[in-house]
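> A single structure is presented below for examination.
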Amino acid sequence: SDYFADGSKFGVKIEYFHEEDLVGIAGAVKRLEEKLKEPFLVIYGDNVFNVDFRKVLSVALGPGPALIALFDRTINPNSGAAGGVVEVDDRGFVKGFWEGVARPDIPFVNAGIYILKPDIFKYIPSGVFCDFGKHVFPDLLKRGVPIQTYIIPPNEAVFGADTLEYLEKTREYFASLRAL
């Protein structure tokens with residue numbers, strides 16, 4: 001928070017929210033429901049991206065409350081960190097979502113980038129631990145609620161950097177870009 005402060009030197013307004021009790025990513029977002037009245041972006045803080053966010057944000061939102069960015073682990077540079085494995089149908093919507101389950105037959109992985117509409121709040125319970133990958137997205141699928149996808153292009157990258165091993169792979173990738 002010292003570096004970004006209130007965001008004014010970057011032309012944005014930043015407010016900080018400190019969780020006293022951990023309620024998961026979706027649970028924390030739920031606590032901001034009164035402030036989030038327009039579609040908003042959620043980005044996982046333990047991921048590092050070489051992604052053109054302008055392209056992600058320019059996608060026309062479909063009928064559902066969520067758009068999930070995915071990367072193809074067989075094509076996009078990545079750390080190998082396991083994330084939610086996502087099966088996509090031929091229309092570009094989520095067909096299956098598996099968090100923490102090995103599915104080598106499915107190349108797409110949750111990148112930890114979501115565009116969410118305020119409608120998402122009706123699917124997030126209050127006051128309990130709730131995670132998008134473990135609870136909200138699987139529940140949306142069970143209810144038949146569409147989840148849109150954005151496939152990150154092959155020349156972009158997503159790195160989980162939540163362990164020293166993955167952090168080193170992330171550092172090596174970005175160092176290789178500087179060498180070009």
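The values are calculated or read from the model by the stated rules, or taken from the named source; none is laboratory data. What you see is a predicted model; the values in this text were computed from it and never measured. All Cβ positions, glycine included, derive from the backbone under ideal geometry; neighbour counts span all protein chains shown. In case anyone asks, the SASA skips ligands and DNA or RNA and just uses the protein heavy atoms, side chains included. Shrake-Rupley method; radii C 1.70, N 1.55, O 1.52, S 1.80 Å.
> Return the calculated 222 nm mean residue ellipticity for the chain, to the nearest 500 deg cm²/dmol, obtained by summing -39500 (n - 2.57) across DSSP H runs with n ≥ 4 and dividing by the residue count.
Details: 4 runs with 35 residues, N = 180.
Only helices count here, giving -5500 deg cm²/dmol.
> Still on this structure: I'd like to check one number: the per residue accessible area of the chain, probe 1.4 Å, reported in Å² as a whole number. Could you put the intermediate results ahead of the total?
Working: 10380 Å² over 180 residues.
With all protein chains present, the chain gives 58 Å² per residue.
> Sticking with this structure for a sec: Determine, for each peptide in 109-119, 60-70, the mean count of other beta carbons within 10 angstrom over its residues, then list the peptides with the highest first. Walk me through the numbers on the way to the answer.
Details: 109-119: 21.5, 60-70: 19.0.
Highest to lowest by the protection proxy: 109-119, 60-70.
> Also, quick follow-up: Multiply the residue gap between I151 and A175 by 0.36 nm, knock off their C-alpha separation, and tell me the result in nm, one decimal place.
Gain in length upon complete extension: 6.2 nm.
> Using each residue's phi in the range 130-145, evaluate 6.51 cos²θ - 1.76 cosθ + 1.60 at θ = phi - 60° and report the 3J(HN,Hα) Karplus result to the nearest Hz, with x for Gly and Pro.
Karplus values, whole Hz, x for Gly and Pro: 8, 10, 4, x, 8, 10, 5, 5, x, 5, 4, 4, 4, 7, x, 7.
> Could I ask something else about it? Could you please state how large a percent of the accessible area of the chain is carbon and sulfur, counting protein chains only and using a 1.4 Å probe?
On the way: 5710 of 10380 Å².
Accessible surface attributable to carbon and sulfur in the chain totals 55 percent.
> Could you give each residue of the range 105-121 its phi-based ³J(HN,Hα) in whole Hz, using Karplus coefficients 6.51, -1.76, 1.60 with θ = phi - 60°, and x for Gly or Pro?
6, 10, x, 7, 10, 4, 8, x, 10, 10, 10, 10, 8, x, 4, 4, 4
> What is the extension gain from A60 to E33, computed as 0.36 nm multiplied by their sequence separation minus the C-alpha to C-alpha distance, in nm to one decimal?
Working: separation 27, 0.36 × 27 = 9.72 nm, distance 2.25 nm.
Result: 7.5 nm gained on full extension.
> In bins 10 Å wide, starting from 0, what share of all Cα pairs of the range 122-179 does each bin hold, as a percent?
All Cα pairs, binned at 10 Å, distribute as 17, 29, 28, 22, 5 percent.
> Another question, then. Residues of the range 31-71 with backbone nitrogen within less than 19 Å of a virtual label 7 Å along the Cα-to-Cβ line of H18, please, listed as ranges.
31-32
> What distance in nm separates the simple spin-label points at D139 and D119, each placed 7 Å from Cα in the Cβ direction?
1.7 nm
> Using only Cα atoms, figure out Rg for the chain and give it as a multiple of 2.2 N^0.38 Å. Each step should come with its number before you reach the end.
Working: Rg = 16.6 Å, N = 180, 2.2 N^0.38 = 15.8 Å.
Relative to the rule-of-thumb radius for its length, the chain sits at 1.05.
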